[in-house]
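Shown next, in structure tokens, is the structure this report addresses.
The values are calculated or read from the model by the stated rules, or taken from the named source; none is laboratory data. Quick caveat, the model's predicted, so the values are computed rather than measured. For the accessible areas, the whole protein counts, side chains as well, though only heavy atoms, and no ligand, DNA or RNA atoms are used. Shrake-Rupley method; radii C 1.70, N 1.55, O 1.52, S 1.80 Å.
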Amino acid sequence: MVNLPITDRLQINAILDRMLGEADVFALEDGRQLARLVPFTSRSSIILNATTTETGSGITGHAPGIGNVTDDRKEEKTVTWGDRRLRVGGYKLTHKAGEILIGRMWDHTEEDPREALFRYNPLSGEPIALDISYQASIGLGPLKVGFTRFTLWKKPSAD
């Protein structure tokens with residue numbers, strides 16, 4: 001676990017909010033600061049997620065004006081192994097020389113699997129681009145294997 005000062009965490013979160021916003025470009029200085037502030041992380045080769053669905057407790061009762069009611073909700077639980085990403089604000093980050101992989105904590109693989117990849121020159125720290133991911137998967141029975149590819153999304157702007 002990385003011990004990152006709260007001031008750095010707040011600054012990184014604000015930079016990511018700006019970079020991933022609606023604009024077609026991102027500020028050159030934001031990219032420089034991001035590369036400088038985010039500590040390098042070790043990346044696990046494999047991250048495993050296991051999801052189970054359980055039927056709720058089946059609570060029954062009586063509601064005035066409605067009658068008998070039953071709550072048979074299904075609960076989904078996910079357990080993750082091997083995830084060494086740095087968590088900052090609502091983001092999960094993996095930093096290796098020249099690249100910072102950016103994921104949002106509230107993303108669910110099935111609903112919105114996209115991640116962003118910030119690329120910069122590892123020698124100079126100059127931003128190159130921000131790429132967006134797209135995923136494809138192959139399913140075989142209950143097993144699903146996903147593949148991630150990145151395509152250009154935004155370029156830095158000096159403004």
task: Can you spot the lysines whose alpha carbon is less than 29 Å from residue 144's alpha carbon? Ignore those fewer than 8 places along the same chain.
output: 74, 77, 92, 96
- prompt: Gain in length, residue 68 to residue 23, computed as 0.36 nm per residue apart minus the alpha-carbon separation, to one decimal in nm?
  reply: 11.0 nm
message: Rounded to the nearest 10 Å², what accessible area does residue 155 have for a 1.4 Å probe in the complete protein model?
response: 100
statement: Once all protein chains are kept in place, residue 42 shows an accessible area at probe 1.4 Å, nearest 10 Å², of 80
